[in-house]
Amino acid sequence: MKKIQSSILYASLPWILPVTLLICWQIFSTYEIISSRFFPPPTAIITTGISLLQSGELYYHMMISTYRALLGLLIGGGIGFLLGLINGLFPLTGRLFDSTIQMIRNIPHLALIPIVIIWFGIDETAKIFLVSLGVLFPIYVNTYHGIRTVDKGYIEMGKVYGLNPMELFTRIILPGALPSIFVGLRYSLGLMWLTLIVAETIASDSGIGYMAMNAREFMRTDVIILSIIIYALLGKLADVIAKVIEAKTLKWHPSYMKIPKK
Amino acid sequence: MSNQGIHIQVSELNKSFGTEQVLTDLDLTAKQGEFISIVGRSGCGKSTFLRLLAGLEKPTTGEILIGDEKIVGIRNEVRVMFQEARLLPWLTVLENVVVGLSKTKQKKDKKELRALAAEMLEQVGLKGKENEWPSVLSGGQKQRVALARALISKPKLLLLDEPLGALDAFTRLEMHQLIQKLWKEQGFTAFLVTHDVSEAIALADRVVLLERGNIAMDLTVPMERPRGRDDHDVTELEQKVIDRVMQKT
Ligand SMILES: Nc1ncnc2c1ncn2[C@@H]1O[C@H](COP(=O)(O)OP(=O)(O)O)[C@@H](O)[C@H]1O
Ligand SMILES: [Mg+2]
């Protein structure tokens, strides 16, 4: 009995601090010990969230943001993956393109925002362009690296055992590069949301970032905090999905293996 | 014994990398189904010789005949076992063995291939491990899988480049028995590179000593198999080879 109690206590240990903090926030804000204009109480944020959900406004902005994020990931990630594949597989194109790509990679893509606004205005293209650019390089670098570092011994074995070039790719090179590609993907997901937050906050007329920026004009701190929380949740969700896919795809990998029976 | 081994004729084989001459005018013949062990100091060109036999390298001059044909590249009737098992970690044990049937798969469906692989796994004593990932196997078990993969296509020539080098003494003895059993059943021609002279003698019909890119000694092992490790003739032969290797020149 004692043991069970102590294990529950142990499990809840990490939650004590955040929960206490939330409770304090609620109390201080409700009794105006701190300004509820600057720090609206958590319950008020929840209420705001519910009413925005009911009006459909929240759903609309979330969908727009998710759409931008995913389209950017698809375009940028797709290009990064393909470039990484080609440069990794063919030493000659690797030699031709890789150092140029590495050079461009060094430009912080968010620094391009002013010029991107000039090029594309503040419509969809600008945001999707920025997200694509942000996710392209991590996926490129990790795909390229993953393919280049596949154990040459496996490839030699594959050749001796009569695999044709296509089979060498699908059965040896690609699976061998996958762990590295996933590292790139997970890193990209973080950059994807980050880029989107910045882009939507600076130049947009829809999306979560716009919702927050618009709320600023009316001092609606509750909406701003809600937006921040939603970004955090979307980011977490993307990471969890990626993790699940990774664990399923790499189930052969010792670090994903369930402890063997017996 | 099925008669699937093949005759190998190496003539005037030279191999150099840049300015480094690794093999010099090497001549060697292997009869159908003969088991030849190759020993020699590290760096004397044993692996290079096997890679030439495998078609992974091209001779600088000279040629190797397999049957009546010149080896010019990788051939489907030649299989190699490497020092590391080189099992693909993302395939199960069974799927790894199926890789050994790559060239024949056009004719058979997946189920048949898997059945063949399961049968082969049973022959190397790994029944029940079909669906494990290679990373959970011991070193000896990995090499058994590699052996199953090498032999499932019934090759005519098997090349073994120190495949047991990383295993402990008991596992090696087990592997010797297994290799010998499968060799008797299938009758392939075999070249085994090893740094263990007693292993070379235990398994082979002939022990060839490579030195400075050429054959320094070529001994027939006449004793009946299985050969006891403490058999007088065996130890005598072993000593003879070691003395020759250690001889200062
Ligand atoms: N691909 C290669 N390029 C250059 N030198 C090589 C290559 N492969 C082997 N060598 C050289 O050939 C010599 C023999 O190597 P190897 O056949 O691996 O010896 P062993 O297997 O007997 O230890 C070594 O000196 C090695 O450096
Ligand atoms: Mg070697």
Evaluate the following for B:R79: is it in contact with a Leu (Cβ under 7 Å, 6 or more places away or on another chain), more than 22 Å from B:L209 (Cα to Cα) and more than 14 Å from ligand 2 (Cβ to nearest atom)? yes
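Please enumerate the residues belonging to region B:40-59 that are part of a helix (DSSP H, G or I), of a type in the set (D, E, K, R) and more than 7 Å from ligand 1 (Cβ to nearest atom).
B:R51
Anything in region B:33-49 that is within 13 Å of ligand 2 (Cβ to nearest atom), within 20 Å of B:Q180 (Cα to Cα) and either out of contact with any His (no Cβ under 9 Å at 6 or more places or on another chain) or open to solvent by 20 Å² or more (accessible area, probe 1.4 Å) (or both)? List them, or say none. Walk me through how you get there before you give the answer.
Just the residues of region B:33-49 that are within 13 Å of ligand 2 (Cβ to nearest atom), to begin with: B:38-49.
So of that shortlist, the ones also within 20 Å of B:Q180 (Cα to Cα) come out as B:38-39.
Scanning region B:33-49 gives a single hit, B:I38.
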In the set A:I173, A:I117, A:I155, the lone residue that is part of a helix (DSSP H, G or I), within 13 Å of chain B (Cβ to nearest Cβ), touching a residue at least 24 places away in the same chain (Cβ under 8 Å) and open to solvent by 20 Å² or more (accessible area, probe 1.4 Å) is A:I173
Residue list for region B:51-79, filter: open to solvent by less than 30 Å² (accessible area, probe 1.4 Å) and more than 10 Å from chain A (Cβ to nearest Cβ): B:L52, B:L53, B:I64, B:I66, B:G67, B:I71
Considering only region B:103-117, I want to know if a residue exists there that is buried (at least 18 other Cβ atoms within 10 Å of the Cβ), more than 22 Å from B:A190 (Cα to Cα) and either acidic (D, E) or under 16 Å from the mean Cα position of the chain (by Cα) (or both). no
Within region B:113-160, track down each residue that is more than 11 Å from every other protein chain (Cβ to nearest Cβ), in contact (Cβ under 8 Å) with a residue 60 or more places away in the chain and aliphatic (A, V, I, L, M). B:V145, B:L147, B:L151, B:L157, B:L158, B:L160
In region B:161-196, which residue that is open to solvent by less than 20 Å² (accessible area, probe 1.4 Å) and within 16 Å of ligand 2 (Cβ to nearest atom) is farthest from the other protein chains (Cβ to nearest Cβ)? B:T194
Quick one: in region B:80-98, of everything that is under 15 Å from the mean Cα position of the chain (by Cα) and among the charged types (D, E, K, R), which residue is least open to solvent (accessible area, probe 1.4 Å)? B:R86
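The values are calculated or read from the model by the stated rules, or taken from the named source; none is laboratory data. Fair warning: this is a prediction, and the values are worked out from it, not measured in the lab. Positions of Cβ are backbone-derived with ideal geometry, glycine not excepted, and every protein chain shown enters the neighbour counts. These accessible areas exclude ligands, DNA and RNA; they are computed on the full protein's heavy atoms, side chains included. Shrake-Rupley method; radii C 1.70, N 1.55, O 1.52, S 1.80 Å.
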